[in-house]
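The values are calculated or read from the model by the stated rules, or taken from the named source; none is laboratory data. Computed from a predicted model, the values in this text were never measured in an experiment. Note that we place each Cβ from the backbone using ideal geometry, even for glycine, and neighbour counts take in every protein chain shown. Ligands, DNA and RNA are excluded from the accessible area calculation, which covers all protein heavy atoms including side chains. Shrake-Rupley method; radii C 1.70, N 1.55, O 1.52, S 1.80 Å.
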Amino acid sequence: MYKIKTYNQISVKGLDRFPRDRYEVASEIGHPIAYLLRSHKLHDEVIPETLRAVARAGAGVNNLPIEAYTQRGIVAFNTPGANANAVKELVLAGLLLGSRGITQGMSYVQTLTDIGDAAAMSKLLEQEKKRFAGQELYGKTLGVVGLGAIGSMVAEMALALDMKVVGFDPALSVEAAWRLPSQVQKMENLQSLLAHADYVSLHVPALESTRHMINRETLQSLRPGATLLNFARDAIVDSAAVVASLDAGQLGQYICDFPEPCLLGRSDVIAMPHIGASTAEAEENCAVMAADQLMDFLHNGNIKNSVNFPPISMARNGGCRITFSNENVSGVLGHVLSVLADNEVNVLDMVNKSREQVAYNIIDVEQSPHDSVIDSIAAVDHVITVRVIA
Ligand SMILES: NC(=O)C1=CN([C@@H]2O[C@H](COP(=O)(O)OP(=O)(O)OC[C@H]3O[C@@H](n4cnc5c(N)ncnc54)[C@H](O)[C@@H]3O)[C@@H](O)[C@H]2O)C=CC1
Ligand SMILES: O=C(O)CCC(=O)C(=O)O
């Protein structure tokens, strides 16, 4: 039985992927081989000895202690692109809320409860509506920072609204570059993007390199009155600097999915409770993708969409499968193969890949190796984890 511990509300469609005769899936479970979660923060939790994989049903993995997992040979997965459309649509809502007096106008209408006469209400509204006039998005410039799964969709959506789009992404993948509409004008750096945009939307991961990329200094490059949208992560924006810039009239509005105390009670801030990926469709897509990736890893040892291990897969060749992870130093695979040869275990097929400080190996062997063979592999210098998959 594979034991999967869940955190957060995971879509039933994803949970239903696990065959009940092979899996126990629950939020309270001992000795889990894998975790399935969304945004729950795991940095301060003890890592169980049995843990071999963690699947984040979503994109951002800043809630996971990736470095510790890598050292322990634990494979961390995410679900790239599976919730991108949901975020794109909320960015669209953010753009519309920021360009028109929608929230302010709606709040005003709700104050009119003491007017009983419809004609009187209509007359008053016609007088007052000028207070809630806005601007059209048509012809304005959107700056997209980070042109990955979400950023490229946001760029495409803005072009469809007849906005101009400028983008900045110093590490654009080849795949993302192919996806990106050619009308997106690439900027050399963040400062020039900020100087060219009426609206700026952030779509970068929370990393050490992106921490407070929006700060007192970078905010000074903004066009006066520009709107900043942050549906990425709180850590990317220095919120104290945002408040100072709003107070100084440099930044016009801040629209975000990450409220903080200093942002509340302001008419120039629209804050949502981290609902970028909170649609039935995105929750299902992420949960199904995460579950399928976990099962392929547990049943076959294959790795797809890991954030700390290399992509690797091999078709089953019959026989028995051994997988192992090791520190990425020379000679480890050779030692493991000698252990197999010394014990007369015949190798049918194998594949080996590395990523930064770790390597991962899949070896199909003719017959099920004795436990002592697996113990000898585990004892090879620099081997981190070993699994035998029937
Ligand atoms: N509000 C919400 O509920 C959600 C928020 N997110 C956040 O959005 C982030 C992005 O998601 P995806 O587009 O799916 O990820 P992605 O990995 O497809 O794209 C991220 C892009 O950012 C770029 N990038 C990295 N550092 C950069 C820098 N310093 N300047 C400019 N670009 C940089 C990368 O090269 C990559 O192309 C996630 O990491 C997550 O934090 C994602 C989903 C839902
Ligand atoms: O699971 C969620 O609701 C949050 C999604 C998210 O922030 C992400 O995918 O990075």
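The figures follow:
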item: Residue in the range 307-330 that is over 24 Å from ILE66 (Cβ atoms), at pLDDT 95 or above, out of contact with any Asp or Glu (no Cβ under 9 Å at 6 or more places or on another chain) and not hydrophobic (A, V, I, L, M, F, W, C) present; result: yes
item: Scan of the range 156-177 for residues that are modelled with pLDDT of 95 or more and acidic (Asp, Glu), ordered by number; result: GLU156, ASP162, ASP169
item: Of the criteria (1) outside any helix (DSSP H, G or I); (2) in contact with a strand residue (DSSP E or B) (Cβ under 9 Å, 6 or more places away or on another chain); (3) within 20 Å of ILE214 (Cβ to Cβ), which one ALA171 fails; result: (2)
item: Check on ALA240, aliphatic (A, V, I, L, M) and either within 16 Å of ligand 2 (Cβ to nearest atom) or open to solvent by less than 10 Å² (accessible area, probe 1.4 Å) (or both); result: no
item: VAL165 open to solvent by less than 50 Å² (accessible area, probe 1.4 Å), within 16 Å of ligand 2 (Cβ to nearest atom) and over 15 Å from ARG233 (Cβ atoms); result: no
item: Pairs where the first residue, in the range 47-62, is not assigned by TED's automatic domain parsing to the domain that holds TYR7 and the second is assigned to a strand (DSSP E or B) and β-branched (Val, Ile, Thr), C-beta under 7 Å, 6+ apart; result: none
item: Subset tally (residues that are open to solvent by 40 Å² or more (accessible area, probe 1.4 Å), more than 9 Å from ligand 2 (Cβ to nearest atom) and not in a helix (DSSP H, G or I)) for the range 49-96; result: 5
item: Matching residues, the range 127-168, being of a type in the set (A, V, I, L, M) and in contact with a Pro (Cβ under 9 Å, 6 or more places away or on another chain); result: ALA149, ALA155, LEU159, VAL165
item: Members of the range 5-41 found to be part of a loop (DSSP other than H, G, I, E, B) and within 14 Å of ligand 2 (Cβ to nearest atom), listed by number; result: TYR7, ASN8, GLN9, ILE10, SER11, ARG38, SER39, HIS40, LYS41
item: Restricting the range 289-333 to residues that are of a type in the set (Val, Ile, Thr) and away from ligand 1 (no atom under 16 Å from the Cβ), the residue that is most open to solvent (accessible area, probe 1.4 Å); result: VAL329
item: Any hit, the range 260-274, residues being within 12 Å of ligand 2 (Cβ to nearest atom) and open to solvent by 50 Å² or more (accessible area, probe 1.4 Å); result: yes
item: From LEU137, LEU124, residue being modelled with pLDDT of 95 or more, in a loop (DSSP other than H, G, I, E, B) and surrounded by 12 or more Cβ atoms within 10 Å (Cβ to Cβ); result: LEU137
item: Verdict on ALA232 being surrounded by fewer than 18 Cβ atoms within 10 Å (Cβ to Cβ), under 30 Å from GLY265 (Cα atoms) and either near ligand 1 (Cβ under 9 Å from one of its atoms) or among the acidic types (Asp, Glu) (or both); result: no
item: Residue identified as out of contact with any helix residue (DSSP H, G or I) (no Cβ under 8 Å at 6 or more places or on another chain), closer than 30 Å to SER267 by Cβ and not β-branched (Val, Ile, Thr) among LEU202, LEU193; result: LEU193
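Each row is one residue, and each column tells you yes or no for (1) more than 26 Å from ALA206 (Cα to Cα); (2) touching a Lys or Arg at 6+ places or on another chain (Cβ under 8 Å); (3) part of a loop (DSSP other than H, G, I, E, B); (4) of a type outside the set (A, V, I, L, M).
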site	(1), (2), (3), (4)
ASN317	yes, no, yes, yes
ILE322	yes, yes, no, no
SER330	yes, no, yes, yes
LEU348	yes, no, no, no
ASN352	yes, no, no, yes
ASP364	yes, yes, no, yes
PRO369	yes, no, yes, yes
SER372	yes, no, no, yes
ASP375	yes, no, no, yes
